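Novice: One structure coming up, written as structure tokens, with questions to follow.
The values are calculated or read from the model by the stated rules, or taken from the named source; none is laboratory data. Since we're looking at a predicted model, the values are computed, not measured. Cβ placement follows ideal geometry from the backbone for every residue including glycine, while neighbour counts extend to all protein chains displayed. Side chains are part of the model used for accessible areas, which takes the heavy atoms of the whole protein and leaves out ligands, DNA and RNA. Shrake-Rupley method; radii C 1.70, N 1.55, O 1.52, S 1.80 Å.
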Amino acid sequence: MADDKKPDGIQPSAPATGANPAARPQHVNVRGGDAPATAAAAAATGATPTTPAPAAAGAHAVRPVAPRPAAAPIPDLAGKTTTAAAASAKTPAPAAAKATQRDPDDTSPLLTRRAWMGLAWGAFSAASAAALAATGRFMFPNVLNEPPQQFKAGFPNEYGMGVDERWKEKFGIWIVRTPDDIAQHASGFYALITVCTHLGCTPNYLSAENKFKCPCHGSGYRLTGINFEGPTPRPLERARVVLADDGQILVDKSRHFQYELGQWTDPEAFLKV
Ligand code: FES
């Protein structure tokens with residue numbers, strides 16, 4: 001027990017085998033330049049030095065560092081023993097334990113407060129971006145590529161008697177040439193708008209039956225535009241038709257004429273030729 005309290009570097013010399021029994025064990029300091037003295041003392045006592053002498057006089061010997069002893073086991077309340085390192089590892093820091101500790105049997109997908117805040121901010125940002133995009137889309141409405149309301153339909157001598165359908169697809173107009181109009185009582189042209197006055201479908205011209213027939217509900221119209229069958233309540237409408245400065249037929253769809261209102265007698269509802 002007394003040897004454990006000796007300072008580092010002081011090692012008891014080994015008992016000399018076969019040496020003078022009267023010689024007392026001596027402590028030898030193995031550090032630095034004391035080594036030669038230790039060797040001399042050992043030689044004087046006949047004991048074997050515990051540390052080899054340095055190779056050259058005056059050189060400092062490097063003492064090997066002994067590994068630190070393992071921590072002493074610490075008994076716990078249950079009587080089990082553990083080391084200090086293991087005990088400290090088993091005892092987390094209070095703050096960290098409070099933030100991360102969860103019941104090992106708890107399998108619910110609960111998130112931390114920080115994760116919930118992240119999700120909330122992400123959802124709010126996405127909703128804001130969607131609202132902004134919708135607002136931007138609202139600022140640029142769809143463009144309706146409607147045909148122009150006025151167009152030149154060529155010269156009168158390019159038309160024969162009857163219905164001309166060349167402008168139906170592009171402008172929604174039938175140009176009809178008649179020798180005797182029922183409203184104007186003259187020969188000339190009128191422009192019928194190809195919109196059924198029932199619910200707005202586009203009728204077809206049936207040349208064999210000399211009429212316009214709506215495919216939606218069966219309304220029928222004479223070539224004059226007067227309705228005579230089906231659910232439609234009134235005749236087709238006519239558009240403004242005049243002679244342009246260059247002599248061509250000018251049709252203007254921005255102005256309509258209705259028979260039931262007596263508007264077919266308007267001078268611009270019929271082009272006399
Ligand atoms: S839309 Fe033409 S008959 Fe109904």
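Novice: From largest accessible area down, sort Met139, Met117; use a 1.4 Å probe on the protein chains.
Specialist: Ranking Met139, Met117 by accessible area, largest first, yields Met139, Met117.
Novice: Follow-up question, since we're still on this one. List, in the order given, every pair from Lys168/Lys253; Lys152/Lys253; Lys152/Lys211; Lys168/Lys213; Lys168/Lys211; Lys152/Lys272 whose Cα-Cα distance in the structure shown is over 19 Å.
Specialist: Numbers: Lys168/Lys253 12 Å; Lys152/Lys253 12 Å; Lys152/Lys211 25 Å; Lys168/Lys213 14 Å; Lys168/Lys211 15 Å; Lys152/Lys272 16 Å.
Distance filter (> 19 Å) returns Lys152/Lys211.
Novice: Ordering Val251, Val242, Val273 by accessible area with a probe of 1.4 Å, largest first, what comes out?
Specialist: Numbers: Val251 0, Val242 25, Val273 80 Å².
Listed by decreasing accessible area, they come as Val273, Val242, Val251.
Novice: Once you put a point 7 Å from the Cα of Val195 and another 7 Å from the Cα of Ala131, both along the Cβ direction, what distance in nm separates them?
Specialist: According to this spin-label approximation, the distance is 3.9 nm.
Novice: Please list Ser219, Ser254, Ser187 in order of solvent-accessible area, largest first, computed with a 1.4 Å probe with all protein chains present.
Specialist: Details: Ser219 0, Ser254 80, Ser187 45 Å².
Descending order: Ser254, Ser187, Ser219.
Novice: A follow-up question, please. Under 8 Å for C-alpha pairs, at least 6 residues apart: give me the relative contact order for segment 153-272, rounded to a whole percent. Let's see the in-between values first.
Specialist: Numbers: 255 pairs, mean separation 25.9, N = 120.
In percent, rounded to a whole number, it is 22.
Novice: I've got another one for you. Would you calculate the volume per residue, in Å³, of the smallest convex hull containing every Cα atom of segment 153-272?
Specialist: Once divided by residue count, the hull of segment 153-272 is 100 Å³.
Novice: If you don't mind, another one. Long-range amide H contacts for Arg255: which residues qualify at under 5 Å (H placed 1.01 Å from N, peptide plane, sequence gap of 5 or more or a different chain)?
Specialist: So Arg255 has HN proximity to Arg240.
Novice: So how much accessible area does Cys216 have, in Å² to the nearest 10, using a 1.4 Å probe?
Specialist: Ignoring ligands and nucleic acids, Cys216 comes out at about 60 Å².
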